[in-house]
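The values are calculated or read from the model by the stated rules, or taken from the named source; none is laboratory data. Since this is a predicted model, take the numbers as computed values, not measurements. Here the Cβ is made from the backbone with ideal geometry for all residues, glycine too, and neighbour counts use every protein chain on show. Just so you know, the surface numbers come from the protein's heavy atoms only, side chains and all, with ligands and any DNA or RNA stripped out. Shrake-Rupley method; radii C 1.70, N 1.55, O 1.52, S 1.80 Å.
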Amino acid sequence: MKMQYTEEQIARANHTDLVSFLNAQGEQLVKSGREYRWKKHDSVTISGNRWYRHSQSKGGYPVDFVMEFYYATFPEAVKMLIGEEGEGRQKSCPASSQDFRLPEKNEDNEMIVKYLTESRELEKNLVMEWIARGDIYEEKKHHNVVFVGRDADGIPRYAHCRGVGEIKYRGDVAGSDKSYGFSHRGTDNQLFVFEAAIDLLSFIQLFPKDWKKRSYLSLGGVSSMALMVFLSERPQITSVFLCLDNDQAGNEACEKLAGEISEGYSVIRLKPSRKDWNEILCDKNANRKKVITETITIKVPEAEELVPMLCYEDIEQTSVDWLWFPYIPFGKLTIIQGNPGEGKTYFAMMLTAACTNRKLFPNMEDIEPFNVIYQTAEDGMGDTIKPRLVEAGADLSRVMVIDDTEEALTLSDDRIEKAVRQNQVRLVIIDPVQAFIGADVDMNRANEVRPVFRKLGMIAEKTECAIVLIGHLNKSSGTQSTYRGLGSIDIMAAVRSLIFIGKVRKDPTTRVLIHEKSSLAPPGETMAFKLGDEEGFRWVGAYEISADELLDGKEGKATETKLERGAKLIRELLADKKEISIRELDEKAKEQGISGRTMRDVRSRMKNELEYRVNEKQENSIRLKE
């Protein structure tokens, strides 16, 4: 009769140390950190009993390795690794043994539920969950509780019966394969090992948090067979917790099991405060806060510093919230640059008024007033900043400043984040940024500037606060506008929005706001505002000029804003009592360079003029009210 390899032999083969195996074959290996590289195939790395072929993005365990690189059949690979002939009888398929049959199920599980919840103190919800999985059920003939062990494909290969009456019967079902114990296969890298199924369930009840992520295995005794097979099936396991009984047999078995587990695993012994984990559940006087009496690290893999990693699958997708779309986002850095005396600070005052007292900017959505930190280093708070804020119409009860009279504030200062959190601040204005960079930081050195602005950006993101930095331009002429900011170009790279404010040379009361950089949305329109005449600050509308032209002293011209153009388009299309679908309207607006979002804003502003209908094609449409 033809023989094949048993599960125990296969498990031992898959726990062969590949470095030792290859050295025995005369192969040359090169140490690379914790791993080895195989000179014959330099894309292959070896670590303990694991291998990975980077060029083909595949890997596995020793049997697969020998089949892959030595062109062996499965039996040849196992023999090559352990030097033994097969001991088992050949099976026609990888299903359960022909001699193994699960005991017939009872019509209900009433007796075993009562036994497990009352005699064993297990929570009913936990018991019912395992019953629903089919891994626990009541056997019909004797009403024993049956614990089922499955292989990696979910096929029952093992079953253990335990009596629930006065006769405490315990035994494995005939034909059971001890290579597959009662278990739960989780997704993370931890495996908890027990002697009995009831101890496994008791441990889960004692430590229920995120239990489904971890793996659990009952050995059905102290044999290593099921453990070796389980580890060979679950390559993600790196930590094994031995939770066997706290008696002489359990302690000795833990030492033996730890010796059989190959290198590369952390092996930790957890001793229960009673003989086993179920005794703790059943003992009403047991201290549930100290159920582990001793934690012993038996084996530790060679230390390697782990690189912190995030998986994009686990990162929550978020949308950007806007203080003023698309110019100033919440949770990000914005910089406003310009020459001294050209309106940056006055603009910041008006922005403060918009946020604290609803003095809204063009196309700014109505927002509930919130607290603002206005941190300045150039102007006096009493004689300049406060009078300007009053003039702008800000609610001074919502405008704050960090008191740095005893210790100068810098952009790296932890007080910024604390102040934002403690005072529910949603906007921080720092004016000018150069004054707060810190005496130890050279603004012209990218390696010194980058970590400062990275930290500031993280503060903005964590607190969902908009941080606006006011910056001066350097005196270089003839260079691109983006390069005119003081300091390293990395400052410009760190911000998500870059705005220029400057005077129109022939009309010094006209200031132009240009959205030079926008990483999160299409750049906003260039806008003009008046400042310095009898009427004070007021918005003029759209303006046609680039940042480079403005900085070079060239003249631009006032134009219609996209909002104005959108409103004009609607009135033209709806003249003479015409009606148009919103779809057609957006298409015509797009032809004129007006976005769908802008048209929604236009329709919102014209809500008192428009009547919404549904046309013959069942499309939403509009017409002017009569």
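Average accessible surface for the chain: 52 Å² per residue, computed with a 1.4 Å probe over protein heavy atoms with every protein chain in place. With N as its number of residues, the stretch 501-626 has a Cα radius of gyration that, divided by 2.2 N^0.38 Å, comes to 1.30. Counting only lysines at least 8 places from residue 39 when in the same chain, those with an alpha carbon closer than 23 Å to its own are 31, 58. Using a Förster distance of 45 Å, how high is the FRET efficiency between residue 255 and residue 493, based on the Cβ-Cβ distance and rounded to 0.05? Rounded to the nearest 0.05, the efficiency is 0.20. Applying Stokes-Einstein at 25 °C and 0.890 mPa s to the Kirkwood radius of the chain, computed over alpha-carbon pairs, gives a translational diffusion coefficient of 78 µm² s⁻¹.
Counting only Cβ charges, +1 for Lys and Arg and -1 for Asp and Glu, the dipole size of the chain around its Cα centre is about 780 debye.
Less than 11 Å Cβ to Cβ from residue 394, Lys/Arg counted +1 and Asp/Glu -1: what total charge do the surrounding residues give? Once positives and negatives cancel, what remains is +3. Other residues whose C-beta falls under 10 angstrom from the C-beta of residue 78 contribute a net charge of -1, scoring Lys and Arg +1 and Asp and Glu -1.
Apply the membrane-span-like helix rule to the chain: whole DSSP H runs, Cα extent along the own long axis of at least 24 Å, mean Kyte-Doolittle hydropathy at least -1.0. List the helices found. Passing helices, by number: 446-463.
At a 1.4 Å probe, what is the % contribution of carbon and sulfur to the accessible area of the stretch 188-289? Numbers along the way, then the final one.
Numbers: 1930 of 3920 Å².
Carbon and sulfur: 49 percent of the exposed surface of the stretch 188-289.
Out of every Cα-Cα pair that the stretch 256-349 contains, those further apart than 23 angstrom amount to 67 percent.
Ignoring any ligand, DNA or RNA, what whole percent of the accessible area of the stretch 330-464 comes from carbon and sulfur when the probe is 1.4 angstrom? Intermediate values should be presented prior to the final figure.
Values: 2840 of 6450 Å².
The computed percentage sits at 44.
Rg/Rh for the stretch 304-461 (Cα atoms only, Rh after Kirkwood) is 1.00.
Each principal axis of the Cα atoms in the stretch 128-235 has its own extent, and those three values, largest first, are 39, 30, 24 angstrom.
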